[in-house]
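All remarks here apply to the structure that follows.
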Amino acid sequence: MPIKLLVLACFAWPVAVDAQHVRVRIGIPGHAAPVAVDSLASVFDIDASSGATFSAVETVLKDLKVPIDSRDSVRGLIGNMQLPKLRSFAGSPISRFLNCGSGITGANADNWRVYITAIAFIDKKDAATSTLRVAMVGGAQDIQGSSKDPVACGSTGGFESLLVDRVKKVLAAARS
């Protein structure tokens, strides 16, 4: 991967839009311009306060062995901006979570180096409920060399569903 592209891939620009929503734009290999990650998020209503939801998301990410490199409880943002992975993520093949196209060896997500962005945004609705927005996007680079351009990877929705299901279980266990 060219150094120039790697440097671009490491920049993230969180910008507060209003009291409720955080904007995150990040350079990802395979994408022509910085991606507005928050605009790709799936939205889920959670029957718990924003603080309890944030804590539950943190617990689940740690259980899934997703390193947290971005954690802002005030803005309600937690996750990883740029995680290079090969073959598996959160205990499953990467192709379960991202579609990066395919080649003669199968799914690129399972055979190429994938740069994963997985972020959760927690917004307060009221004292007892919150909105959980989960976004995943990536880019893949062939590990055979740099002769091929990186490709963009889109979410299958698998990670978002997995995270929300586990967050709800953590919150239910905390209530009982």
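The values are calculated or read from the model by the stated rules, or taken from the named source; none is laboratory data. Everything numeric in this text was worked out from a predicted model, so none of it was measured. Methodologically, a virtual Cβ is constructed for each residue, glycine included, from the backbone with ideal geometry; neighbour enumeration extends over all protein chains shown. Accessible surface is based on the protein model in full, side chains and every heavy atom, while ligands, DNA and RNA are left aside. Shrake-Rupley method; radii C 1.70, N 1.55, O 1.52, S 1.80 Å.
Some observations on this one:
- Cα-Cα pairs of the chain separated by more than 29 Å (percent): 20
- The average projected area of region 43-115, computed from the convex hull of its Cα atoms over all directions, is 5.6 nm².
- Charge dipole of region 64-164 (Cα centre as origin; +1 on each Lys and Arg Cβ, -1 on each Asp and Glu Cβ, all else neutral): 160 debye, rounded to the nearest 20.
- Here region 96-151 yields Rg over Rh of 1.24, to two decimals, using C-alpha coordinates and the Kirkwood radius.
- Lysines whose Cα lies under 26 Å from that of Lys85, excluding same-chain neighbours fewer than 8 positions away: Lys4, Lys62, Lys65, Lys148
- The C-alpha atoms of the chain define a longest principal axis, and helix 50-63 lies at about 40 degrees to it.
- Here is the P(r) of region 121-163: all C-alpha pair distances, binned every 10 Å from 0, give 23, 31, 24, 14, 7, 1 in whole percents.
- Sulfur and carbon atoms: percent of accessible area, region 25-119 [1.4 Å]: 48
- Taking a straight line from the alpha carbon of Lys124, these lysines sit under 20 Å away, with near neighbours fewer than eight places off in the same chain left out: Lys168, Lys169.
- The chain: angle of helix 158-175 to the longest principal axis, Cα-based, in degrees nearest 10: 30
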